[in-house]
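The values are calculated or read from the model by the stated rules, or taken from the named source; none is laboratory data. Since this is a predicted model, take the numbers as computed values, not measurements. No Cβ is skipped: glycine too gets one built from the backbone with ideal geometry, and neighbour counts run over all protein chains shown. The protein model used for the area step is the full one, side chains on, heavy atoms only, and it has no ligands, DNA or RNA in it. Shrake-Rupley method; radii C 1.70, N 1.55, O 1.52, S 1.80 Å.
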Amino acid sequence: MILTIFLCTIISVHGATITGKVLDPNGHPVAFTNVMVENSTIGSITNRDGEFKLSHVPAGKQVIKASHISFVTARVTVETPATDVVIKFEQEAVINMDQLVVSATRTPKTLKETPLPVTIIPHQTIEEIQAVTLADVMEQVPGVVLVPNGFTRYSVTLHGLPEEYSLLLVDGQRIYGRHADAKDLAHIPVGMIDHIELVKGPSSVLYGSDAVSGVINVITKTGQSTPYFEYSGSGGNYNRYISRLNIAGKTSAIRNYLAMSYNSSDQMAKGYGFSNYNVRYNGRLNPSKKAEIRMGGGYFSEKTEDMPVTKGHEEGGPYLTDDVYDLNVGYHYRRSDNSFFNLSAYLYNQHRWDNRPGRADRTWDRKHYRLEGIAQFQLKRHELVFGFEGRSEYLDQTQIAGTRDQWLFSLFGQDTWRLSKTLAAVTAARVENYNKWGVVFVPRVGLSWNTTEQLTIRLSGGTSFRAPTLENIYVETYFHPWGGGFWSGGNHDLKAEKGVGANFDIEWIPTPQLVLSTGLFYNKLKDRIASVETGREMNGSPVRMLMNSEEAVSHGVDVQLNWIVMSGWKLGVSYGYIHSEDKATGRPFYLMPYNKAGLNLNWKSRKRGTIFDLRCTYLGTRQTKREILEEAYILDANLEQRIWKSWSFFVAADNLLDEELYPSHYINYGRLYRLGFHFKR
C-alpha cells in the first residue's frame with residue numbers, strides 16, 4: 001500500500017511514460033507518425049519500426065492520437081503508465097484532413113476547417129519522388145508552371161503570372177531573389193521540408209507585397225525529442241553529386257533538428273559548373289506549458305568553377321559566388337485552444353559577386369530585418385486575428401550609388417465568422433506604409449460552405465500589390481547587351497503594381513481514398529512596372545526607363561483527382577488551362593502554356609520496403625520573345641528498395657524522353673539519371 005502511494009506520487013510529480021507502436025491497416029509498422037497526448041504539447045515521432053515513447057505524461061486516463069498524412073487519424077485511450085500500446089490505422093487516406101495548415105488564415109486549422117483553399121504537399125511525397133530541389137516537388141501541381149532562371153534552377157509561377165507575383169516563404173519568412181531577382185528554390189534543403197502549403201489567389205492582405213497570384217509556404221521540420229539520423233548520397237550524369245545529412249534529438253531542454261547538404265553539377269556548359277553547401281537548423285524550447293521559444297537559421301554558399309584567364313579577365317576566378325544566411329527567433333504563447341500570441345524577429349543577409357568575362361565585376365549586398373506580431377482570440381462565433389509587421393531593407397549594389405534602403409510598417413486584421421455549422425465567412429484588410437512611395441490598402445473576402453460532409457465550396461476574392469524593389473527605384477542607367485543592346489535604369493517615381501483576383505473552388509471527398517477538386521481563377525494587373533523606351537539615345541543605343549505603364553490578365557481552371565486504387569497503389573491526375581496575356585504584347589507570358597496536364601502512379605509496399613513512382617507531365621506550346629516551343633512530355637521515374645534494416649538504394653531518372661524543354665545554349669535540359677542510397681535510423 002505504501003509502495004503504491006509512493007509510485008503514484010512520483011508519477012504525479014514527474015509524469016509517466018507511454019511506449020508503443022503504430023501500425024498500418026495491414027499490420028506493418030508506420031514510420032514518421034506524429035504521436036501526441038491529445039490537448040497537450042507532449043508528443044513524439046515514430047522510428048523506422050513504428051515505435052514511439054512519450055515522457056512526462058500526467059497520471060490518469062489519456063487519449064493518444066496518431067496522425068500521418070497517408071491515413072485517417074487514429075486514437076486510443078490508455079491509463080498511465082503504459083507499455084506496448086498498439087495504435088492501428090484503420091483506413092488509408094489520400095490526405096489526412098486533420099492535417100494542420102497555417103498559411104491560409106495565419107492560424108492553425110485543419111484542412112477540413114480552413115475557409116480558404118490550400119494545397120498541401122507532404123514530406124512523404126517529396127521523399128518518394130527523390131526530389132533534388134523544391135522545383136521537382138512543384139512540377140505536377142495544377143496551376144503551377146516552372147520557368148528556368150539560370151544555373152539549372154527554376155522559379156515557380158502561379159496561375160499564369162510571372163514568378164515575381166508569387167511569394168515564396170520559409171516558415172512564414174520571405175525568400176529573396178538571386179539571378180535576375182528570381183527566387184531560388186535551391187536555397188531550401190529538401191531534407192528539411194516537413195510539408196509545403198500552397199495558397200492560390202490574392203494573399204497580400206496577410207503577407208504584403210508580391211502575394212498577387214498566391215503564396216508558397218515551405219514549412220520546415222521542427223526540433224524534436226526523438227533521436228533521428230539520416231544520411232543519403234547520390235551521383236548521376238553531368239557529374240552531379242548530392243550528399244545530405246539530417247540529425248534530430250534533444251539536448252537539455254531544447255528539441256533540435258539540423259539538415260545539411262552538398263550539391264555539385266556540370267550540367268551547364270564548360271566553365272559554368274557549380275557546387276553549393278546548405279545548412280539549416282530549427283530548435284524548440286518550452287519554458288512553460290503554454291509558452292514556446294522557436295529559433296532557427298540557415299546558411300547557403302555557392303560558387304562556380306574558375307573561369308579561364310582571358311584578356312580583360314586576367315584575374316580568372318569563379319563566374320559567380322552567392323552567400324546567404326538568415327536567423328530567426330520567436331516567442332509563442334497559447335493561452336487556450338482559441339487564443340495565442342506570436343512575436344518573431346528575422347534577419348536575412350546576402351552577398352553576391354558576378355565575375356563574368358566581358359564586363360566589370362558586379363556585387364550585391366542585401367540586408368533585411370523583420371519584426372512581426374500576431375494575436376488570435378475568440379469572440380463567440382468570431383475568430384479574430386490582428387497583426388503588425390515592420391520591415392527594413394538595405395541594398396549596396398555596383399549599379400547603385402551608395403547604400404539604399406527602405407522601410408515599411410503594416411497593420412492587418414481578419415475575422416473568420418462561423419455563420420452556422422456549415423457556413424463560414426472571412427473578411428480581412430491590410431494597411432501598409434512605405435517610406436519611399438506611400439500607403440496601400442488591400443481587402444479580401446471569402447466564403448466557405450460545407451454543403452455535406454463530402455462536399456465543400458469556397459469562394460474568395462480581393463486586391464493585392466507588388467511594391468517597387470530597391471533595384472527598380474535606384475539602379476543607375478547601364479548597358480544591357482542582349483536584344484540589340486539598350487541602356488536602362490530605375491525610376492524614383494515608381495508606384496506599387498496593383499492586382500485584383502478571385503477564386504472559386506469545389507472539393508469533393510466521397511471517401512478518404514478519393515479526392516476530386518476543381519477551381520476557377522481570375523487575375524488582373526495594372527500599373528505593371530516595365531522597361532519603356534524614352535526616345536533618347538546614348539552612344540547610339542536607345543535609352544529605356546522603368547515605368548508603371550502596362551496591364552495584364554490571367555484566368556483559367558485547375559482540376560485534380562487523387563485516388564487510392566487499392567492498398568499501396570495511388571493514382572493522381574491533373575489538368576490546368578491557363579490563359580495569360582501581357583497587354584503590352586498581346587501574347588502569353590514567357591514560357592506560359594495554355595494547357596498543362598499531369599499523371600502520377602505510385603506504389604508503396606511497407607512489407608517489402610519498396611517504393612515506385614512514375615510521373616508524366618504534359619506542357620502545351622509555349623512562347624519566348626523569339627520563338628514558339630513545341631509541346632513537350634516530361635516522363636520521370638524512380639524506384640527505391642530497402643535492402644537491409646535502415647539501408648535502402650534508389651535509382652531516379654528525369655526527362656526520360658529526352659525532350660528539349662527550354663531554349664538554352666549553356667544548360668543541358670536533357671535526360672538525367674541518378675543512383676543513390678538512404679540510411680535512416
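For this structure, a couple of remarks:
- Entry note, region 66-152: relative contact order of 18 percent, from Cα contacts under 8 Å with a spacing of 6+ residues.
- Potential extension, K112-D337 segment - 0.36 nm per residue separation minus Cα distance: 79.3 nm
- Hull volume per residue, based on the alpha-carbon atoms of region 285-431 and their convex hull, is 171 Å³.
- Seen from all directions on average, region 246-362 presents a Cα convex hull projection of 10.4 nm².
- Remark: C-alpha extents of region 42-95 on the principal axes read 36, 21, 18 Å, sorted largest to smallest.
- Helix-only arithmetic for the chain: the sum of -39500 (n - 2.57) across DSSP H runs with n ≥ 4, divided by the residue total, places the mean residue ellipticity at 222 nm at -1000 deg cm²/dmol.
- Each of W569, L494, A552 was placed along the dipole of region 474-598 (beta-carbon charges, centred on the mean Cα), and the one lying farthest toward the positive end is W569.
- Projected label distance in nm at Y394 and K289, using a 7 Å step from Cα toward the beta-carbon: 4.5 nm
- Between K625 and F649, the C-beta separation translates, for a Förster distance of 56 Å, into a calculated FRET efficiency of about 0.80.
- Compared with the dominant principal axis of the Cα atoms in the chain, helix 2-14 is inclined by about 10°.
- Put a dot 7 Å past the Cα of W417, heading toward its Cβ, do the same for L599, and the two dots end up 4.8 nm apart.
- Hypothetical label at R608: residues of region 562-593 whose amide nitrogen lies under 18 Å (7 Å Cα-Cβ projection): 565-571
- Accessible surface, region 269-404, averaged per residue in Å² (probe 1.4 Å): 49 Å²
- For K250, a cut-off of 18 angstrom between C-alpha atoms picks up these aspartates and glutamates, skipping any fewer than 8 places away in its own chain: E51, E230, E292.
- Between D306 and D361, the FRET efficiency estimated from the beta carbon spacing at R0 = 25 angstrom works out to 0.95.
- 11 Å cut-off, amide nitrogen to a point 7 angstrom out along W449 Cα→Cβ, residues in region 395-426: 423-424
- Extension gain from E660 to L347, taking 0.36 nm per residue of separation minus the Cα-Cα distance: 108.7 nm
- Cα convex hull of region 364-459 - mean projected area over all directions, nm²: 8.8 nm²
- Of all accessible heavy-atom area on the chain, the percent that carbon and sulfur account for (1.4 Å): 58 percent
- Modelled spin labels at F441 and I247, positioned 7 Å past Cα toward Cβ, are 5.4 nm from each other.
- Gain on full stretching of the segment that runs from V102 to N668 - 0.36 nm per residue minus C-alpha separation: 200.0 nm
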